[in-house]
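Following: one structure in structure tokens, then a few remarks.
The values are calculated or read from the model by the stated rules, or taken from the named source; none is laboratory data. This one's a predicted model, so the numbers in the text were calculated from it and none came from an experiment. Because the Cβ atoms are built from the backbone with ideal geometry, glycine has one as well, and the counts that use them run over all protein chains shown.
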Amino acid sequence: MTCDSGHRVRSKYVPASGTVSTMPELENPFPEATRRESGGSRTASLALGGAALSLALAVGLLAAFLSARQDVAALQDQVTQLEQLVSAVAGDIVSAGDRLASLESSGASQIGGDAPASLVGTDLPRYPPSGRDTALGLSLTAISGVHFYDGTTMTFDPADGKARAWFVWAHWCPYCQQELPIVANWHANHADEYLHLELVSITTSMDDNASNPLVPYLETSQFTFPVLMDESGVLSRKLGVSAFPFWVFTGPDGSVLGRTAGLLPEEQLLTIFDELEQLGAEA
């Protein structure tokens with residue numbers, strides 16, 4: 001007979017006698033027991049291979065999970081460090097005047113050829129970041145320092161019957177640079193009208209490496225109000241400065257009426273000047 005592919009296939013065994021008989025079945029060379037064992041081994045091998053694959057996948061997933069946990073922990077550490085850094089920077093901004101305490105006069109060049117500012121009497125308590133100012137009502141004693149523009153030593157007695165606004169600033173402070181033009185404009189145009197009020201400024205915490213060096217800045221500005229040079233930081237400590245710009249307001253008897261750290265709105269500052277003038281006129 002033929003198959004569909006055209007190849008001839010023998011299906012009967014025909015001996016020479018012409019008698020048709022079926023082809024004898026070939027004996028299986030492997031005994032039954034051996035066949036059963038061979039099949040079982042293949043099944044066991046497949047099962048073992050599947051288990052090994054599952055174990056490898058599990059190990060891989062565990063490694064990826066542990067790696068992800070380590071990445072998350074590292075990210076959390078970085079976030080914590082960043083928060084601490086931001087907190088530290090914010091603290092530095094609020095208390096920029098902290099470095100005044102470490103300022104010393106060693107090696108500082110003296111402008112005007114006179115002695116540096118000197119301290120007379122006791123210091124006011126440091127201005128607190130919050131809560132009641134314990135300096136209120138205390139008496140400010142005499143302040144003496146070198147005037148930048150003429151090099152002379154100026155001495156002020158806060159209890160001489162004149163109300164005063166003491167303005168402490170640093171040339172590198174951006175908020176001071178915003179407030180100084182306002183103060184300068186008021187003083188140049190209205191100081192003559194305020195006969196019972198005196199404005200005294202103190203520049204301190206000099207930094208020769210700042211983008212606007214102090215001496216050229218003062219020479220260009222030509223302020224009409226007194227500018228005392230506090231190279232050693234002693235006057236700042238006397239007034240209890242904690243940040244810049246810093247204001248101290250005293251009455252005609254030298255008592256502290258108020259202090260503030262930070263930029264004052266122009267309207268508020270001019271209102272204070274008016275009130276101080278009235279207090280001085282009534283004294």
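Screening Thr203 on (1) at pLDDT 95 or above; (2) surrounded by fewer than 21 Cβ atoms within 10 Å (Cβ to Cβ); (3) within 34 Å of the chain's Cα centre (by Cα) shows it passes everything except condition (2).
Criterion applied to Ser211, Ser201 was being in a strand (DSSP E or B) and without any contact (Cβ under 8 Å) to a residue 60 or more places away in the chain, and the one residue passing it is Ser201. A single member of Val146, Val120, Val168, Val183 is out of contact with any Gly (no Cβ under 7 Å at 6 or more places or on another chain), under 16 Å from Glu231 (Cβ atoms) and either modelled with pLDDT of 95 or more or surrounded by fewer than 16 Cβ atoms within 10 Å (Cβ to Cβ) (or both), and it is Val168. May I ask you to verify whether Val168 is of a type in the set (Val, Ile, Thr), assigned to a strand (DSSP E or B) and under 22 Å from Gly145 (Cβ atoms)? Spelling it out, Val168 is indeed of a type in the set (Val, Ile, Thr), assigned to a strand (DSSP E or B) and under 22 Å from Gly145 (Cβ atoms). Taking into account only those residues within region 254-279 that are hydrophobic (A, V, I, L, M, F, W, C) and farther than 22 Å from Ala159 by Cβ, which is farthest from the chain's Cα centre (by Cα)? Out of the qualifying residues, it is Leu270.
Tell me which residues, restricted to region 152-178, are within 39 Å of the chain's Cα centre (by Cα) and small (Gly, Ala, Ser). Residues satisfying the conditions are Ala163, Ala165, Ala170.
Apart from one condition, Ala210 fits all of (1) crowded, with 21+ Cβ neighbours inside 10 Å; (2) among the small types (Gly, Ala, Ser); (3) touching a His at 6+ places or on another chain (Cβ under 9 Å); the exception is (1). Scanning region 234-276 for residues that are more than 18 Å from Ala135 (Cβ to Cβ) and either surrounded by 18 or more Cβ atoms within 10 Å (Cβ to Cβ) or of a type in the set (A, V, I, L, M) (or both) turns up Leu263, Leu269, Leu270, Phe273.
Only one of the numbered conditions (1) outside any loop (DSSP other than H, G, I, E, B); (2) of a type outside the set (Asp, Glu); (3) surrounded by 13 or more Cβ atoms within 10 Å (Cβ to Cβ) is violated by Pro216, and that is (3). Residues in region 153-165 that are crowded, with 17+ Cβ neighbours inside 10 Å and in a loop (DSSP other than H, G, I, E, B): Pro158, Lys162.
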